[in-house]
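Worksheet for the structure shown next.
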Amino acid sequence: VQLQAYGGGLVQAGGFLRLSCAATGSTFSINTMAWYRQAPGKQRELVARISSGGSTNYGDSVKGRFTISGDNAKNTVYLQMNSLKPEDTAVYLCHAEQNSMHYWGKGTQVTVSS
C-alpha cells in the first residue's frame with residue numbers, strides 16, 4: 001500500500017484546509033485510515049481515524065473542528081480542518097492499517113499563523 005497526501009499549506013488562524021490521502025497498490029482489506037500529526041519537539045498524535053465501515057474517532061484537541069471522511073471507491077480519505085489554530089501547526093501524516101500491517105505516507109506540512 002502506498003499513501004499520497006495532498007493539501008497542506010499556510011493558513012491564518014480561524015481558516016480552513018482540506019487534506020486528502022489516496023491509497024494505491026494492494027488496497028484490499030484496508031481496515032482503517034487515519035491522519036496523525038507531529039509538531040517539532042512533540043510526540044506524534046492521532047488526529048482522526050476512519051474505519052472501512054465508516055466509524056470515526058478524533059483526537060480531543062480537534063473534536064468539533066476537524067472532520068474525517070472517506071471515499072471507498074477512490075481509496076481516499078479527506079480531513080476537513082476548520083477553525084484552525086496556531087497549535088494545529090504540524091506535519092500531518094496519512095496512515096493505513098491492513099491485516100495488522102501499518103503503512104505511512106510522506107507528511108504534508110500545515111502551518112497556521114496567528
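The values are calculated or read from the model by the stated rules, or taken from the named source; none is laboratory data. Quick caveat, the model's predicted, so the values are computed rather than measured. As a convention, Cβ positions derive from the backbone with ideal geometry for all residues, glycine included, and neighbour counts pool all protein chains shown. Note: areas computed on protein heavy atoms with side chains; ligands, DNA, RNA excluded. Shrake-Rupley method; radii C 1.70, N 1.55, O 1.52, S 1.80 Å.
Here the dipole of the chain is about 100 debye; that uses its Cα centre as origin and unit charges on the Cβ of Lys and Arg (positive) and Asp and Glu (negative).
At most 12 other Cβ atoms within 10 Å and a DSSP loop assignment: could you name the chymotrypsin sites (Phe, Trp or Tyr not before Pro) in the stretch 26-114 that fit? Of the chymotrypsin sites (Phe, Trp or Tyr not before Pro), the ones in loops of the stretch 26-114 whose Cβ has at most 12 other Cβ atoms within 10 Å are Phe28. Each residue of the stretch 5-15 was assigned a 3J(HN,Hα) from its phi angle through the Karplus curve 6.51 cos²θ - 1.76 cosθ + 1.60 (θ = phi - 60°); the sequence is 9, 9, x, x, x, 10, 9, 7, 4, x, x Hz, with glycine and proline shown as x.
For the stretch 5-73, trypsin sites (Lys or Arg not before Pro) meeting the loop criterion (DSSP other than H, G, I, E, B) and having at most 15 other Cβ atoms within 10 Å: Lys42, Arg44, Lys63, Arg65. Accessible area of the chain with a 1.4 Å probe: how many percent of it is carbon plus sulfur? Reported share for carbon and sulfur atoms: 49 percent.
Taking every protein chain into account, the accessible area of the chain amounts to 54 square angstrom per residue (probe 1.4 Å). Using C-alpha pairs under 8 Å with a sequence gap of at least 6, the mean separation divided by the residue count of the chain gives a relative contact order of 37 percent.
With a Förster radius of 25 Å applied to the beta-carbon distance between Asn72 and His102, the computed FRET efficiency rounds to 0.80.
Provide the net charge surrounding Glu45, with neighbours chosen by a C-beta distance below 14 Å and charges set as Lys +1, Arg +1, Asp -1, Glu -1.
Local net charge: +2.
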